[in-house]
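The values are calculated or read from the model by the stated rules, or taken from the named source; none is laboratory data. Computed from a predicted model, the values in this text were never measured in an experiment. Neighbour counts are summed over all protein chains in view; Cβ atoms, including those assigned to glycine, are modelled from backbone coordinates with ideal geometry.
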Amino acid sequence: MASAPSVIGVVGAGTMGAGIAQLACQAAGTRTLLHDPFPEALERGVAHVRAQLARGVERGRWSADDAEAAEGRLEPADSLEGLAECELVIEAAPEVPEVKRELFERLSAIVAPDCVLATNTSSLPVTGVAAAAAHPERVVGMHFFNPAPVMRLVEVIAGEQSAEAAIARARATGEAMGRRVILAADGPGFLVNRCGRPFGMEALRLAQERLAGFEQIDRICRLGAGFRMGPFELMDLVGVDTGYDVQRSFWELSFGEPRWRPSPITARMVAAGRLGRKAGRGYYEYPDDGGPHRPDDAEPPAPGDGHGLVVVAGDLPVAGALREAAAAVGYTVADAVDLGGEPPWLIVDCGLGELDEESGDPEPLQGGPRLVLCADGSLAALDPAGTAAGFHVLP
């Protein structure tokens with residue numbers, strides 16, 4: 001069984017590289033050398049890891065002694081040559097093929113022949129990156145997810161020439177970091193990004209067609225689909241420019257597959273310098289302290305907030321659930337309109353367009369503002385008079 005390396009190198013001290021370095025020096029307990037070609041970026045990356053370790057102590061996630069020990073295992077490397085003793089080097093450079101190939105060509109001339117070189121690319125073919133190395137059989141993909149210290153999954157990708165020993169070493173490293181490691185094929189987006197790509201692309205299409213705004217789409221994904229972050233919040237976190245590089249990579253590697261066509265919205269954002277949280281602005285504006293976007297999600301009503309009569313008509317399970325929810329916050333609830341009684345504050349029609357026997361048209365409920373459930377039909381068909389608003393709920 002392969003063992004984790006005793007010395008790990010990380011090239012690229014940005015958000016992802018710094019996060020990987022934190023995992024290596026803290027979770028894996030490994031001596032970690034962090035390099036970036038720009039001294040200012042290297043300084044920021046080391047400072048970021050130290051700040052994250054200190055923040056974890058403040059929040060009670062680990063002890064001050066553990067943080068101090070991890071910090072002692074992190075060393076800045078001023079040059080690539082400083083990584084010569086590493087047994088595994090993880091590259092976290094920009095998603096530009098030429099940059100990665102040049103880096104792997106240089107690294108393979110510096111490290112020992114049995115050192116494993118891993119690319120953190122999220123979309124570029126590992127086989128193409130490995131081709132520039134002197135020993136392509138020692139090159140694998142190790143795709144971490146942002147933020148690396150939080151996301152517990154790592155994809156290990158075998159290129160066309162990747163040796164089993166290199167794959168095993170990468171897997172052992174990910175497991176030593178406390179991550180769940182999965183093996184993925186060397187195709188566009190590998191496994192996770194391939195599964196997630198349709199969500200982001202469809203969100204961009206909705207915005208491009210002006211069907212909804214960024215905040216609304218994100219809110220729907222969070223509250224309706226259970227996502228922790230909406231697609232635009234995630235794009236800002238990852239970096240709009242990084243996302244655009246991934247879009248173009250998918251498009252090129254699929255030979256122009258229409259569903260992967262890059263979005264003009266993303267192109268404009270990159271041209272305008274709206275690169276996400278790291279730039280202080282992207283699809284959202286960010287505070288000077290670099291904190292996250294704070295969604296303006298309305299709080300659900302509390303018990304006692306509801307006043308008045310609500311009619312929820314229909315026999316579907318959703319109608320019963322809505323009646324229970326309305327009653328729980330204090331509304332008086334009925335399942336039909338009593339024209340001689342109290343006028344309803346709101347009518348929720350879950351009848352799915354029950355037809356009037358004589359006219360053949362949907363039979364409207366009279367007596368107050370109406371919401372019509374549009375589960376499998378259009379609002380125009382269910383409300384020809386145009387007096388209602390439509391809604392849809394997820395089970």
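Just a few scattered comments:
- Residue match in the stretch 104-127 (condition: under 27 Å from the mean Cα position of the chain (by Cα), part of a helix (DSSP H, G or I), within 20 Å of Ala165 (Cα to Cα) and of a type in the set (Gly, Ala, Ser)): no
- Qualifying positions in the stretch 220-241 - of a type in the set (Val, Ile, Thr) and either out of contact with any helix residue (DSSP H, G or I) (no Cβ under 9 Å at 6 or more places or on another chain) or assigned by TED's automatic domain parsing to the domain that holds Pro149 (or both): Ile220
Yes/no per residue for (1) in contact with a Pro (Cβ under 8 Å, 6 or more places away or on another chain); (2) at pLDDT 75 or above:
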{"site": "Leu322", "(1), (2)": "no, yes"}
{"site": "Ala336", "(1), (2)": "no, yes"}
{"site": "Pro343", "(1), (2)": "no, yes"}
{"site": "Leu346", "(1), (2)": "yes, yes"}
{"site": "Glu358", "(1), (2)": "no, no"}
{"site": "Pro364", "(1), (2)": "no, no"}
{"site": "Ala375", "(1), (2)": "no, no"}
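- Taking the stretch 232-260 as the range and being of a type in the set (Gly, Ala, Ser), modelled with pLDDT of 90 or more, over 21 Å from Ala212 (Cα atoms) and surrounded by 16 or more Cβ atoms within 10 Å (Cβ to Cβ) as the test, only Gly239 passes.
- Flag for Phe199 being assigned to a loop (DSSP other than H, G, I, E, B) and either in contact (Cβ under 8 Å) with a residue 60 or more places away in the chain or within 20 Å of the chain's Cα centre (by Cα) (or both): no
- Residue count, the stretch 88-102 (criterion: in contact (Cβ under 8 Å) with a residue 24 or more places away in the chain and out of contact with any helix residue (DSSP H, G or I) (no Cβ under 8 Å at 6 or more places or on another chain)): 1
- In the stretch 1-35, of all residues being polar (S, T, N, Q) and either over 16 Å from Ala170 (Cβ atoms) or buried (at least 19 other Cβ atoms within 10 Å of the Cβ) (or both), the one that is modelled with the lowest pLDDT corresponds to Thr15.
- Any hit, the stretch 214-231, residues being among the aromatic types (Phe, Trp, Tyr), at pLDDT 95 or above and assigned to a helix (DSSP H, G or I): yes
- Tally of residues being over 11 Å from the mean Cα position of the chain (by Cα) and of a type in the set (Asp, Glu) across the stretch 220-249: 2
- Residue count, the stretch 84-96 (criterion: more than 29 Å from the chain's Cα centre (by Cα) and either at pLDDT below 95 or closer than 21 Å to Arg171 by Cα (or both)): 3
- Verdict on Ser263 being at pLDDT 95 or above and either outside the structural domain of Gly213 (by TED's automatic domain parsing) or buried (at least 18 other Cβ atoms within 10 Å of the Cβ) (or both): yes
- Some residue of the stretch 136-148 being closer than 25 Å to Glu81 by Cα and in a loop (DSSP other than H, G, I, E, B): no
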